[in-house]
Amino acid sequence: MRLASFRYRGHIGFGVVEGDGIIDISARFPGTTLRGLLPEPDRIRDASAHGELFPGGAIEWLPPVTDPGRIFCVGRNFKRAMATLGLERPDYPILFTRFASSHVGHRQPIVRPAVSEQFDYEGELCVVVGKAGRHIAEADAFDHVAGYSCYNDGSVRDYQRHTSQDTPGKNFWRSGAVGPWIVTRDEIADPAELSLKTTLNGETVQSDRLDDLLFTVPKLLAYLSRIAPLEPGDLIALGTPLGSAINSNPQRWLRPGDEVSVTIDRIGTLTNRVVDEAELVAAA
């Protein structure tokens with residue numbers, strides 16, 4: 001299944017993507033969001049037989065999980081990228097967090113902030129937790145996965161480098177994106193089999209296979225669940241391959257009007273246009 005959240009004629013809902021549309025099942029589950037149903041994919045599937053189909057061209061795509069409890073992001077996680085850049089492999093995952101307010105959905109604009117021109121793209125795979133767990137064994141890790149989505153870890157690089165902590169540069173308002181939907185785990189046996197590509201205005205700027213990850217999905221779920229109990233709807237972005245603007249020559253920082261797409265085979269394509277913060281505020 002492909003699961004998504006959306007806005008349609010003022011109604012915010014969630015459901016199952018069907019062809020070019022989405023079957024709204026939110027009316028059958030008042031008072032909850034998609035996050036609350038992730039542990040019960042069979043209930044989602046059953047409800048989709050009775051929901052109303054909304055046309056995809058008329059909806060506004062929202063981040064699939066609109067209210068994640070935690071957003072974990074992993075740095076330096078592609079082995080080939082680290083080797084090319086001459087970086088040492090870390091012994092443990094390099095982690096930082098993002099806030100939900102830094103996310104937009106598919107086809108929503110990502111915002112270059114007023115205080116910086118060093119706005120960068122990072123195409124990534126996003127793991128969505130579906131089953132709570134603490135001290136998860138690597139052998140059991142996939143049992144805790146609801147599914148997978150595309151992710152753009154939009155980064156404001158000068159703010160990221162103000163200190164040794166990445167948090168400031170990773171949490172600007174509406175600077176990152178996730179979507180368009182979640183592809184459930186039953187459709188992807190092993191995410192290491194997938195390939196990722198990021199394009200900027202139609203030109204490929206990042207391309208790699210996910211079998212190059214240093215810290216795999218099972219290793220990350222095991223490690224993170226030692227720190228805190230994982231909960232349904234938690235997001236884990238697995239890191240980006242070589243090709244971000246900061247590591248390119250010339251550095252192609254994102255500008256208003258640019259279009260960034262992150263494509264992961266068997267999941268889909270997340271596309272966002274870049275706008276200036278002043279432009280978005282003026283239009284509000």
Find the relative contact order for the stretch 129-221 and round it to a whole percent, using C-alpha pairs within less than 8 Å whose residues are 6+ positions apart.
28
At a 10 angstrom cut-off on C-beta neighbours, averaged per residue, how do the peptides 83-96, 254-267 rank from highest to lowest?
254-267, 83-96
Going by Cα centres, the stretch 150-214 and the stretch 227-284 are how many Å apart?
6
In whole Å, what are the extents of the chain along the principal axes defined by its C-alpha atoms, from largest to smallest?
53, 49, 29
Percent relative contact order of the stretch 15-141, based on C-alpha pairs within less than 8 angstrom and at least six residues apart?
22
Return, ordered by residue number, the residues of the stretch 99-136 whose backbone nitrogen is under 19 Å from a label point located 7 Å along Cα→Cβ of Thr163.
99
Any idea what the relative contact order of the chain is, in percent, if you count C-alpha pairs under 8 Å spaced at least 6 apart?
24
For a quick check: with amide H placed at 1.01 Å from N, whose amide H comes under 5 Å from Gln206's, ignoring anything fewer than 5 positions away on the same chain?
Thr198
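FYI, it's all coordinate maths here, none of it is from the lab. Small disclaimer: the values here were computed from a predicted structure and weren't measured. Every residue, glycine as well, gets a Cβ built from its backbone with ideal geometry; the counts of neighbours run over all protein chains shown.
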